[in-house]
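Read the structure below first, then the notes.
The values are calculated or read from the model by the stated rules, or taken from the named source; none is laboratory data. The shown structure was predicted, so the numbers you read here are calculated from the model rather than taken from an experiment. All Cβ positions, even for glycine, are placed from backbone atoms using ideal geometry, and neighbour counts span all protein chains on display. Calculation scope for accessible area: heavy atoms of the full protein, side chains included, ligands and nucleic acids excluded. Shrake-Rupley method; radii C 1.70, N 1.55, O 1.52, S 1.80 Å.
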Amino acid sequence: MLPNPLKETLLGQYKEEKGRHDEMWEEDAPYPHWNDLLFRLETLGAGELTHRQNELQRLLRENGVTYTVYGERTGDIRPWKLDPIPFLIDPKTWSMLCEGLKQRAWILQELLRDIYGPQKIMRAGILPPELIFSDPTYLVPCIQTIPENAWELTLYGADISKGPDERIWIVGDRTQAPSGWGYALENRISMTRVLPELFESSHIHKITDFFDTFSRRLSNLAPSGKRSPLIVILTPGPYNETYFEHAYLAALEGFVLAQGEDLMVREAKVWLKTLGGLEQVDVIVRRVDSSYCDPLELYPGSQLGVPGLLEAVRQGNVRIANPIGSGILENPGIMAFFSNICKFYGGEDLKIPNIATWWCGHEKERAYTLEHLDEILIRHIDTRRKVHTYPGWLLSREEKESLAREIQASPFQFVGQEQPLLSTAPSFQDQVLCARRTILRSLAISTGDSYDLLPGGLTRSASSQGEFQVSNQAGGISKDTWVLSASQTAPVEIPSDEVFRPEIKGLANLPSKTAENLFWVGRYTLRVIRTARLIQSVLRFQAESKNFEQLQDSKALEVLLKSLTHFTMTYPGFVEQEALIKAPEQELHDILVNKNRVGTLAFSIDRWIQSIKTVRDRWSYNTFIILDNIESQWKEMRDTSAKNFRRLRSGLDLLINGVGAFHGLNSDNIAGEDGRVLYDLGRHMEHAMLATHLIRSTLVGKREQMVEESLMKVVLRNTESLEAFRYRYRSHMQLPAVLNLLLLDQHYPRSLAFSLQNILDMLNSLPSPETRLNLAPEQKMVLEGATSLQLTDIIQLASTEEGFYIRNELDQLLGLVSKNLASTADLVIQKYFSHTQPGVSTHSPD
């Protein structure tokens, strides 16, 4: 029996939901396998458990663990939610699950091979042909064209719950591209860090060993028999709901994370586009739905797939997990016939039944479904439809009548299912334990002749009492899943602080898409900082010109406003609309916060964050702490009034410090030397371009001495060079000295000459098809600019011809360097990233 203190603290308000099995509570006491955990929870107490729950969410948010709401390109990116109360599976139940799921996975694999091959089961009349042929996930180009060994159902997931009678039921099969692997591991890692007391002396099956099996099995799929095959995770990209998991598994297992545009088919082989050329792909872990995998033979409008991929599979040159076409096994109508399917292939009864299902293509079952429409769940066999599940008990009379007409019109496309009375499990909410409907996703991987199960899985519980849908899309909460051991095994392992990142093979093997994003992260890092600094200077001059009404400040402000338009290329801006200079607040605010206007600070921040998240496997965990803070602060700043200068300047300070912290953390910590080269190339190129734009738009025109001194200070502050100038020259502002420091000093890290030399060195390190006997065009462009700098006379640069107010030599020099840098950037993009959409250039169309 429970001690009174425990009942009074955590379980005092725990109420089972009538008509459902509760995973923890048995009549008036918890099941024995829950006692140890409950005692440990009681020791912590509700207050401390609340604190740890907040720590869990903070850790997950900082680690960038997210789930994106499906179907919205600019989607609602939700932080991953984790309940501090784990889901417990006793040894006996786990043994039953293992036996039943291995059987089910094997049966589904045999069914997959058969329906795309000889179709014996349909010829035998066990599975109606119209159920399969009418499902759009059944892919005609795959019928009897794919080698039999390519139909292995490598990855399998099953959604499971217990009914009121405590029997285990399969609620749904996941065979298209089952997710949950990475989230299950991240749940375990987070729990062991935040709640280590719960694991003390607990005899829980380890899960980390499974991921070794995961990697080995995928390697063994390689058709070429390579010892180190190239394995690619094919992802739809960062807007996919489980993109976090794609990047997480790629980093964990050392796979390449790629989108469809990173791959191509040539001579019926799949190739990864890298900086060094094409590299043959042996295995693809598919996270793109089958229909979108090959626009040549399947859905022609797809931009997610690889043209010709099916032919490469037919020729046996690449293996895919799971096979293209495996989504047909998720057709809910198959469940109505699963018992007979099991007997047909295995000659035995199902060890774990699925939820009762009635296919409406049969008259008797259709009549039953229509008669019990108020009580059961109706599902359309096309799971790709936006709405394909209809809980009859929640529909209005008009909705039920409409659904009944649709069933009568196309009965073979609908199934009725028993209302899934999901079991409940304890969830910690509002400082008490409460019963919430729960579903477990078990995950298995093929071993060739059988399946291995992840000893745990991904458990999700409803966010509120009585919630029908238990899913991440509906705001469900995940739980760490503990499989208890019957023997006194070693306590659960505490995973290391960092996800394992294997050595990168080299710069030539870097995927072009990854290289492109790293290049743009480097560029946008500098662009955000320099744009923010220039806006800060404008706001300061604006405040001072109003407070002190000094003429030189007003004149400097006019130059800076026009310079800001040139710098950000937000034309016409202040250049052609003189009225804005007298009342600049609204235009300044727009340049700050309008993310839909190319060149604004908001636009650059949005692109910067997007590029970082697209190559999220390249960054350390601490990166996402910084990124989370930046996003939170930036959200507050966007809501700041255009007239609140003090708060805007304060927000810009926080932004500059945050982006600077990102650069400081990652300049030497990007995973792989190859990543640093592309990041630094982008950073130096952006610095050089922005420096030429800023100097050209502020210092080329000759102005009064006081105004020029103010402008020189702005330029020095923008390039973080004011202190270096003062230390080196120890004098008042002189243009020759400023230009010498910022343009010609080859030993000063923020000079134009220094950046051009670094750009040359990095371009030389990039793999190139051209012979090294000749310089590549992009190298010639940079060398011309660097040589022009070296040959210039600093006094002449700072001078103007008598009677003129333009420094022509400075203007021409900066124009040449700017034009060459812009051409260099375009050549790099065309040469190495030509298959992707380039970022937004910041050069003027000289």
### Task
Might you let me know whether segment 603-613 holds any residue that is closer than 20 Å to Leu526 by Cα, modelled with pLDDT under 80 and crowded, with 21+ Cβ neighbours inside 10 Å?
no
### Query
under 25 Å from Ala250 (Cβ atoms), crowded, with 16+ Cβ neighbours inside 10 Å and at pLDDT 95 or above - does that describe any residue in segment 200-211?
no
#### Entry: Subset of segment 563-586 (residues that are surrounded by fewer than 21 Cβ atoms within 10 Å (Cβ to Cβ) and part of a helix (DSSP H, G or I))
His566, Glu578, Ala579, Leu580, Ile581, Lys582, Glu585, Gln586
### Task
Give the residues of segment 287-305 that are assigned to a loop (DSSP other than H, G, I, E, B), open to solvent by 40 Å² or more (accessible area, probe 1.4 Å) and not hydrophobic (A, V, I, L, M, F, W, C), sorted by residue number.
Asp289, Glu297, Tyr299, Pro300, Gly301, Gln303
### Message
If Ala251 meets every condition in (1) free of Cβ contacts under 8 Å to residues at least 40 places away in the same chain; (2) within 30 Å of Pro79 (Cβ to Cβ) apart from one, which number is that one?
### Response
(1)
### Task
Kindly provide the set of residues from segment 266-305 that are without any contact (Cβ under 8 Å) to a residue 60 or more places away in the chain and of a type in the set (A, V, I, L, M, F, W, C), ordered by number.
Ala268, Val270, Trp271, Leu278, Val281, Ile284, Cys293, Leu296
### Message
Among the residues in segment 376-388, are any over 29 Å from Leu41 (Cα atoms), open to solvent by 20 Å² or more (accessible area, probe 1.4 Å) and assigned to a strand (DSSP E or B)?
### Response
yes
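Quick check, is Glu311 under 29 Å from Thr383 (Cα atoms) and crowded, with 23+ Cβ neighbours inside 10 Å? Even if it seems obvious, please write down each step before you answer.
On the way: under 29 Å from Thr383 (Cα atoms): yes; crowded, with 23+ Cβ neighbours inside 10 Å: no.
In short, no.
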### Scan of segment 709-732 for residues that are more than 17 Å from Ile535 (Cβ to Cβ) and open to solvent by 20 Å² or more (accessible area, probe 1.4 Å), ordered by number
Glu709, Glu723, Ala724, Arg726, Tyr727, Arg728, Tyr729, Arg730, Ser731, His732
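Residues that are at pLDDT 85 or above and buried (at least 24 other Cβ atoms within 10 Å of the Cβ): which strands (runs of 3 or more DSSP E) entirely in segment 421-537 hold 2 or more of them? Full working, then the answer.
Numbers: elements: 424-429, 432-446, 451-453, 458-461, 477-483.
The qualifying strands (runs of 3 or more DSSP E) are 424-429, 432-446, 458-461, 477-483.
Of all helices (runs of 4 or more DSSP H) completely enclosed by segment 670-761, which ones contain at least 2 residues that are more than 20 Å from Thr568 (Cβ to Cβ) and in contact with a Ser or Thr (Cβ under 9 Å, 6 or more places away or on another chain)?
Values: elements: 673-699, 705-718, 722-729, 735-739.
Answer list for segment 670-761: 673-699, 705-718, 735-739.
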## Note on the structure
A careful count of residues in segment 115-135 that are touching a residue at least 40 places away in the same chain (Cβ under 8 Å) and crowded, with 17+ Cβ neighbours inside 10 Å gives 9
## Note on the structure
The condition of being surrounded by 15 or more Cβ atoms within 10 Å (Cβ to Cβ) and under 37 Å from the mean Cα position of the chain (by Cα) holds, among Arg319, Arg366, only for Arg319
### Task
Return a yes/no flag: does segment 650-671 have any residue that is among the acidic types (Asp, Glu) and in contact with a helix residue (DSSP H, G or I) (Cβ under 6 Å, 6 or more places away or on another chain).
no
### Message
As an exercise: evaluate Asn354 against (1) open to solvent by 10 Å² or more (accessible area, probe 1.4 Å); (2) touching a helix residue (DSSP H, G or I) at 6+ places or on another chain (Cβ under 9 Å); (3) within 21 Å of Gly163 (Cα to Cα); (4) at pLDDT 95 or above and give the number of the one condition it does not meet.
### Response
(4)
### Given (1) touching a residue at least 12 places away in the same chain (Cβ under 8 Å); (2) within 23 Å of the chain's Cα centre (by Cα); (3) surrounded by fewer than 19 Cβ atoms within 10 Å (Cβ to Cβ), number of the condition Lys635 does not satisfy
(1)
#### Entry: Counted residues, segment 220-239 - those being of a type outside the set (A, V, I, L, M, F, W, C) and out of contact with any Leu (no Cβ under 9 Å at 6 or more places or on another chain)
9
### Query
Which one of Leu108, Leu88, Leu41 is in contact with a strand residue (DSSP E or B) (Cβ under 9 Å, 6 or more places away or on another chain), over 30 Å from Gln315 (Cβ atoms), modelled with pLDDT of 95 or more and open to solvent by less than 10 Å² (accessible area, probe 1.4 Å)?
Leu88
### Query
Within segment 797-811, can you find the residues that are open to solvent by 80 Å² or more (accessible area, probe 1.4 Å) and in a loop (DSSP other than H, G, I, E, B)?
Glu801, Glu802, Phe804, Tyr805
### Task
Kindly establish whether Pro136 is outside any loop (DSSP other than H, G, I, E, B), within 35 Å of the chain's Cα centre (by Cα) and over 30 Å from Val483 (Cα atoms).
no
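Applying the selection to segment 270-298, what residues are more than 18 Å from Asn220 (Cα to Cα) and either more than 24 Å from the chain's Cα centre (by Cα) or charged (D, E, K, R) (or both)?
The initial filter retains those residues of segment 270-298 that are more than 18 Å from Asn220 (Cα to Cα), namely 271-279, 287-298.
Answer for segment 270-298, where residues must be more than 18 Å from Asn220 (Cα to Cα) and either more than 24 Å from the chain's Cα centre (by Cα) or charged (D, E, K, R) (or both): Lys273, Gly276, Gly277, Leu278, Glu279, Arg287, Asp289, Asp294, Leu296, Glu297, Leu298.
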### Query
Within the bounds of segment 157-165, is there any residue that is modelled with pLDDT of 95 or more, under 22 Å from Leu108 (Cα atoms), touching a Pro at 6+ places or on another chain (Cβ under 8 Å) and outside any helix (DSSP H, G or I)?
yes
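Scanning for something open to solvent by 50 Å² or more (accessible area, probe 1.4 Å), in a helix (DSSP H, G or I) and not polar (S, T, N, Q), does segment 325-342 turn up at least one residue? Steps first, please.
Keep residues of segment 325-342 that are open to solvent by 50 Å² or more (accessible area, probe 1.4 Å), which gives 339-340.
Those still in the list that are in a helix (DSSP H, G or I) too: 339-340.
Remaining after also requiring not polar (S, T, N, Q): none.
For segment 325-342, residues open to solvent by 50 Å² or more (accessible area, probe 1.4 Å), in a helix (DSSP H, G or I) and not polar (S, T, N, Q): absent.
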### Message
Restricting to segment 614-629, and then to whatever is outside any helix (DSSP H, G or I) and either without any contact (Cβ under 8 Å) to a residue 12 or more places away in the chain or over 29 Å from Thr570 (Cβ atoms) (or both), can you tell me which residue is least open to solvent (accessible area, probe 1.4 Å)?
### Response
Trp619
### Message
One residue is enough: does segment 166-177 have a residue meeting the conditions more than 30 Å from Ala247 (Cα to Cα) and without any contact (Cβ under 8 Å) to a residue 24 or more places away in the chain?
### Response
no
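Quick grid of which residues meet (1) aromatic (Phe, Trp, Tyr); (2) closer than 30 Å to Trp482 by Cα; (3) assigned to a strand (DSSP E or B):
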residue: Tyr183; (1), (2), (3): yes, yes, no
residue: Thr192; (1), (2), (3): no, yes, no
residue: Ser201; (1), (2), (3): no, yes, no
residue: Arg227; (1), (2), (3): no, no, no
residue: His246; (1), (2), (3): no, yes, no
residue: Ala250; (1), (2), (3): no, yes, no
residue: Trp271; (1), (2), (3): yes, no, yes
